[in-house]
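The next block holds one structure in the form of structure tokens; read it before the comments.
The values are calculated or read from the model by the stated rules, or taken from the named source; none is laboratory data. Because the structure is a prediction, the values reported are computed rather than measured. Positions of Cβ are generated from backbone atoms using ideal geometry, with glycine treated the same way; all protein chains shown enter the neighbour counts.
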Amino acid sequence: METFNKPQQRRSRLHSNEASVAYICLIPAILGLIFLTYLPLLGVLGISMTNWTGLKKPEFIGFSNYITLFTTDPYMKDSILATLYFAFLSVAGSMIYSLFIAMLLNRKIPARGFFRAVFYVPFVLPAAAIYVGWSWLYEANFGFFNYLLSEIGLNKVLFIADSNYVVPSLSLISVWLSGNLIVIFLAGLQNVPSVYHEAAEMDGANGWNRFRHITLPCMTPIIFYNLLLSLIANLQVVTPALALTNGGPGNSSRFMTYLMYDQAFVNYKLGYACATTFIVFAILAAFTAVLFKTSKRWIYSEGDDDK
Amino acid sequence: MKTMKKGFMFNVSMVLLLGMMAGCSTNNNNPNVSPTGEATSKPAVTTTSPSTEKVKITYSMWGSEEEGKKTQEAADKFNASQNRIEVKVQAIPWENYMTKLNTQATAGQLPDTGILKEDGVIQWSSDGMLNDVSSMYTGSDSKPLDSLAYKYQGKTVAYAAANEILLLYYNKDMFDKAKVPYPPSALDKAWTWEEFVATAKKLTVDSNGKHPDEDGFKPQSIVQYGASVENLAWQLEAWALSNGGGFYSNDGTAVRIGEDASIEAIQKVADLYLKDHVAPLSVGQTDDGIQRTIIAGKVAMATNGAWNVGTSLNAAKDAGLKYGVAVLPYFKEKVTLNTGGANVVFSQTKHPKEAMEWLKWYTAEENNWGLISSGIWMPTLKKWYTDETLTHKWVDNPNFPPYNEYKSAVVDYAQSSAARPAAWFYTNHTTDFNTLLASTLGDVWTGKTSAKEAISKNLEALKAANKGQK
């Protein structure tokens, strides 16, 4: 914060002028945050301690929704595991995939602009269309992938109809959809100073070494940003469950956000759904905190860091 | 996609926030009366009131704005036919329908009457949100079929807006090509399960043209399947009942799915894919059974609801599909389920009598003719099933399969003793139960576990779901 190095008095006057302008400009955003984020969050916490269904008058029941969720609820445990499994596969997969594609697209290849568009397109396609398309590819009896498998004489794979394959199958879609990460990586790669590469090349470093010791360290802030973005998005996964699997087979794709939706808008257990929401929030917050805490150790920064 | 998710989260929190505020505003009131307390201070306006002012009734329905306009046109006819009641239609998209009604209920601003999803009726009734409608048809020439009354604690709390039953559809071209006789449309000739499976085997072929009981048959390269039994949880109840088991006791308060007969029936449905190799795999992730099977020409027979005649099969028929309708096969007893969304009178209304009068007028088939003549809805009043002139008026049109076939396999079937009300006509918490059952059976369809193992493991949870506890 302390960036000025001027006489104390002048600074504070300037400071207070600037500050008041800043505060005025911030009011709309802060109001939005308070009324659209923080108060609803408090509301969720409040409702989560009731048995509200929308029909009857809510009664305060303390923590019993939370206790039920962690003891007798038939879905919660499976749901958390499915979500973490999906998030792990999707985050790892899309980070590696998009960094790899971004590096390819950063080379001087012919029709580079075209290929950059090709890899970004999935991200901007309407979700409904994407999932209908993938459902045809994955269909267990006559789907396109199974058609290919049977053409080459292999046994059918049930993909999203099999509780062992459903999460990896859905993660694959999520990886394929990570065009936004590619764009951000690409921007990051173009900022890696080429002098480093040139110097290393002169010293005889091979491609792998240059990647390992120049590209990767320079990219760590971007990797951090993408990791965070991707982690938060994938922990909140819901669209594939709604569009393709209805949370099945069994509970194998009953992701937490889907569970929340199901409790709130299919079964109308609003109090209960709010308790689930709060648990989801806590898990997200925990992962984000861990990521931020460990980030200092592996993010390479040139000079002063942003804070 | 990612923005969609954020949008979704945002919507969820907004709804919760709005709901919370709405919830606060009614906290001091009995939710059964309007928040202004008018209902308690004024006696209900009755039809005998000499006042010239019309009683205003709001009727809510699911559907697009366009569909809402159509219904309003029908309501306008009703409004013109008498001078006491004026009906206004409120159309809400299907996806948000129950959520919207929930919000309105919380705010004490429910419409006077409306359609309600099948599985919500008993729940709303047990929460005191619905009026008794037993008196609706007193003194009428025709009543709805007995199996179409929603009952809570012995009282009729709603009549179905339409009738639907489960049927066996089949693709006639596929039968003709295999030179196999069609499934029976008459109830007394209904196939046993064994006959059904045997026929399905004749219609199942692998890429070498072999059938499931022949040497060298390869289940991995089946190109055409014989049969598909829809395994959505609520439809499975038909098979459990047919095998002498069931999901619930007759009053819906005890769970019977743990009985051997119920479990055996579910296992036999799963075995169509696992052992008999006559059915494609379906794990209940989609609800487009008829399109994927009969219409796609991939499966020769498929079970599903009567609404398919109007929602997908009549368009396919125009495009050249030849299909037929038959009664379901059976294990021990001949059973089909009937169902239909409910028309209810909300307890928040100040004008229950007028609301019932409107409902009775509106559910008379003439006023829903579009839905009925297209084959999406079946009539609810008995006379359409018993009076052959009326049946002709209903079925003798190009949207339907041949008259004699449909008359026997649908019209007669629906009024026979085989037709039983689906569980949500008398059982609470069926959504919870069906969701849990579907999740329980996920690995049964792929053969990772057996129905016996899966159901036994989750029996206590299923019983808790039936009681509304999780």
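Take the conditions (1) facing another protein chain (nearest Cβ under 8 Å); (2) part of a loop (DSSP other than H, G, I, E, B); A:Ser150 misses just one of them, which is (2). Exactly one residue out of B:Trp94, B:Trp124 is touching a residue at least 60 places away in the same chain (Cβ under 8 Å), of a type in the set (Phe, Trp, Tyr) and either within 14 Å of chain A (Cβ to nearest Cβ) or closer than 22 Å to B:Gly370 by Cβ (or both): that is B:Trp124. Selection over segment A:45-63 of residues that are closer than 25 Å to B:Leu110 by Cβ and part of a helix (DSSP H, G or I) gives a count of 2. Considering only residues of segment B:333-359 that are under 28 Å from B:Trp234 (Cβ atoms) and out of contact with any strand residue (DSSP E or B) (no Cβ under 7 Å at 6 or more places or on another chain), which is surrounded by the fewest Cβ atoms within 10 Å (Cβ to Cβ)? If we take residues in segment B:333-359 being under 28 Å from B:Trp234 (Cβ atoms) and out of contact with any strand residue (DSSP E or B) (no Cβ under 7 Å at 6 or more places or on another chain), then B:Glu333 is surrounded by the fewest Cβ atoms within 10 Å (Cβ to Cβ). All told, A:Met49 meets the bar of being at pLDDT 90 or above, among the hydrophobic types (A, V, I, L, M, F, W, C) and closer than 30 Å to B:Ile122 by Cα.
Does segment B:366-381 contain at least one residue that is part of a helix (DSSP H, G or I), at pLDDT below 90 and touching an Asp or Glu at 6+ places or on another chain (Cβ under 8 Å)?
Of all residues in segment B:366-381, those part of a helix (DSSP H, G or I) come to B:366-373.
This time we only want the ones that are at pLDDT below 90, so: B:366-373.
Now restrict to residues that are touching an Asp or Glu at 6+ places or on another chain (Cβ under 8 Å): B:372.
Yes, segment B:366-381 contains a residue that is part of a helix (DSSP H, G or I), at pLDDT below 90 and touching an Asp or Glu at 6+ places or on another chain (Cβ under 8 Å).
Of the helices (runs of 4 or more DSSP H) lying entirely inside segment A:180-281, those containing at least 3 residues that are buried (at least 17 other Cβ atoms within 10 Å of the Cβ) span A:216-235, A:256-261.
Of the residues making up segment B:115-152, those that are under 18 Å from B:Phe346 (Cβ atoms) and assigned to a loop (DSSP other than H, G, I, E, B) are B:Lys117, B:Asp127, B:Gly128, B:Met129, B:Asn131, B:Asp132, B:Val133. For B:Val283, the test of being in contact (Cβ under 8 Å) with a residue 24 or more places away in the chain and within 12 Å of another protein chain (Cβ to nearest Cβ) is passed.
So which of B:Ala261, B:Ala233, B:Ala240 is at pLDDT 95 or above and in contact with a helix residue (DSSP H, G or I) (Cβ under 6 Å, 6 or more places away or on another chain)?
On the way: B:Ala261 fails: in contact with a helix residue (DSSP H, G or I) (Cβ under 6 Å, 6 or more places away or on another chain); B:Ala233 fails: at pLDDT 95 or above.
Sole residue among the options that is at pLDDT 95 or above and in contact with a helix residue (DSSP H, G or I) (Cβ under 6 Å, 6 or more places away or on another chain): B:Ala240.
Looking for whichever is within 14 Å of another protein chain (Cβ to nearest Cβ), out of contact with any His (no Cβ under 8 Å at 6 or more places or on another chain) and not in a helix (DSSP H, G or I) here; the options are B:Gly447, B:Gly442. Which one fits? So that I can check it myself, show each step before the final result.
On the way: B:Gly442 fails: not in a helix (DSSP H, G or I).
Sole residue among the options that is within 14 Å of another protein chain (Cβ to nearest Cβ), out of contact with any His (no Cβ under 8 Å at 6 or more places or on another chain) and not in a helix (DSSP H, G or I): B:Gly447.
Looking across segment A:259-284 at every residue that is touching a residue at least 40 places away in the same chain (Cβ under 8 Å) and aromatic (Phe, Trp, Tyr), the one that is nearest to the other protein chains (Cβ to nearest Cβ) is identified as A:Tyr268. When segment A:135-165 is limited to residues that are of a type in the set (D, E, K, R) and modelled with pLDDT under 90, the one that is farthest from B:Leu441 (Cα to Cα) turns out to be A:Glu151. Taken over segment B:157-198, the criterion of being closer than 21 Å to B:Leu313 by Cβ and of a type in the set (Val, Ile, Thr) is satisfied by B:Ile165, B:Val180. Only one of the numbered conditions (1) more than 23 Å from the chain's Cα centre (by Cα); (2) closer than 29 Å to B:Tyr273 by Cβ is violated by A:Ser169, and that is (1). Residue count for segment B:424-436 under the criterion of being closer than 22 Å to A:Gly250 by Cα and in contact with a Gly (Cβ under 9 Å, 6 or more places away or on another chain): the result is 5. When segment B:230-271 is filtered for residues that are part of a helix (DSSP H, G or I) and β-branched (Val, Ile, Thr), the ones remaining, listed by number, are B:Ile263, B:Ile266, B:Val269.
Among the candidates B:Leu110, B:Leu101, the residue that is within 11 Å of chain A (Cβ to nearest Cβ) and outside any helix (DSSP H, G or I) is uniquely B:Leu110.
Here's a check for you: in segment B:450-469, which residue that is among the small types (Gly, Ala, Ser) and part of a helix (DSSP H, G or I) is farthest from A:Gly250 (Cα to Cα)? Selected residue: B:Ala464.
Which one of these is at pLDDT 85 or above, under 24 Å from the mean Cα position of the chain (by Cα) and within 23 Å of B:Met98 (Cα to Cα): A:Leu244, A:Leu270? Answer to the check: A:Leu244. Restricting the search to segment A:69-92, which residues are within 14 Å of chain B (Cβ to nearest Cβ), assigned to a helix (DSSP H, G or I) and buried (at least 18 other Cβ atoms within 10 Å of the Cβ)? Matches in segment A:69-92: A:Leu69, A:Met76, A:Asp78, A:Ser79, A:Ala82, A:Thr83, A:Phe86, A:Ala87, A:Ser90, A:Val91.
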